[in-house]
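Structure first, then comments.
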Amino acid sequence: MSNTPNSNYQNSEEDDLLPEYNFDYRQARPNRFAAEKSQFPVTVTLDADVAEVFTTSEAVNHALRTILSAIPKR
């Protein structure tokens, strides 16, 4: 890694970050909080004209659920 652009970087006295950290992944444990929520929120970007009408995520979800209720279930 001596050819990286930051290889000549020297820490200043007020900088408390090291240029490199060595983590021992053999001591890592699974995240005990990861299983609590099985569904992750999805981020969607709205076009500006749609965002003017639906100003909150609740409004968007309500409209989408209304549309979904009109679609026949298989």
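The values are calculated or read from the model by the stated rules, or taken from the named source; none is laboratory data. Everything quoted here is computed from the prediction, not taken from an experiment. Protein only, heavy atoms only, side chains kept; ligands, DNA and RNA dropped before computing areas. Shrake-Rupley method; radii C 1.70, N 1.55, O 1.52, S 1.80 Å.
For segment 24-74, name all the residues that are of a type in the set (Ser, Thr, Tyr) and open to solvent by less than 100 Å² (accessible area, probe 1.4 Å).
56, 57, 66, 69
One line per residue, one yes/no per condition, for (1) small (Gly, Ala, Ser); (2) part of a loop (DSSP other than H, G, I, E, B); (3) modelled with pLDDT of 70 or more:
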{"position": "3", "(1), (2), (3)": "no, yes, no"}
{"position": "6", "(1), (2), (3)": "no, yes, no"}
{"position": "33", "(1), (2), (3)": "no, yes, yes"}
{"position": "40", "(1), (2), (3)": "no, yes, yes"}
{"position": "60", "(1), (2), (3)": "no, no, yes"}
